[in-house]
Amino acid sequence: MVEEFFPECSAKGCRARAVWVLRWNNPKLHDPLHRKTWLACEDHREHLRDFLNARGFLREVTEFRAPPDDSTP
């Protein structure tokens, strides 16, 4: 049996499938082009976005797209 894995939301305790990517950086610690990534489910997107935005860390929010499956011939 093959177990399917999928990216999970970054919100504490949440195991829901990620559908959003929040890219951010802390300008006091990171180069301006450096990006860290949090993933969010639909329920936590606004909460995580507001948390990062309030600190001036949020750079962009985009829809999560899984990388292509390299095992297909």
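Since every read-out is calculated from the coordinates, none of them should be taken as a lab result. Keep in mind that what you see is a predicted model, and the values were worked out from it rather than measured. All Cβ positions, glycine included, derive from the backbone under ideal geometry; neighbour counts span all protein chains shown.
Summary of values
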{"read-out": "Neighbourhood net charge (11 Å Cβ-Cβ; Lys/Arg +1, Asp/Glu -1) for K36", "value": "+3"}
{"read-out": "Residue among F6, A18, A54 farthest towards the positive dipole end of the chain, charges placed on Cβ", "value": "A54"}
{"read-out": "Kirkwood hydrodynamic radius of the chain, Cα pairs, Å", "value": "13.5 Å"}
